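To keep things clear, I will list the structure first and then write my remarks on it.
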Amino acid sequence: MALQLKKTDPKHGKYWLNVTADDKTIEKKDKNQNEPVQFYTGRDHMLYELVVGPWDKNKITGYLSTPKMRPSDTPTPQ
């Protein structure tokens, strides 16, 4: 997975971002600070969520919420 910041507009609190996952690039336009950006990726098409917090002209900060393991994926004790 790769994230590419394309543009920020601190005055209006907007940003543009490219998300590349599974050899596909998705352009996310006009997103607001603290607005969840959701996308599916991986073999099982699990939902990921990106939340961007404060930023300046060339840098953004935030977090990526990754899916928890499904009950069927939980390893069994030996």
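Just the accessible area per residue of the stretch 1-58, please: how many Å² with a 1.4 Å probe? Numbers along the way, then the final one.
Values: 3980 Å² over 58 residues.
Dividing the accessible area of the stretch 1-58 by its residue count gives 69 Å².
Could you tell me what percent of the accessible area of the stretch 1-51 is made up of carbon and sulfur, with a 1.4 Å probe and every protein chain present? Could the numbers behind the result be given before it?
On the way: 1500 of 3490 Å².
For the stretch 1-51, the apolar C and S fraction of the accessible surface comes to 43 percent.
Under 5 Å between amide hydrogens, built in the peptide plane, is the criterion, and for residue 41 it picks out 46, 48 among residues at least 5 positions away or on other chains.
The values are calculated or read from the model by the stated rules, or taken from the named source; none is laboratory data. Treat the numbers as computed from the prediction; the structure is a model and nothing was measured. When the accessible area is computed, the model is the full protein with side chains, heavy atoms only, and any ligands, DNA or RNA have been set aside. Shrake-Rupley method; radii C 1.70, N 1.55, O 1.52, S 1.80 Å.
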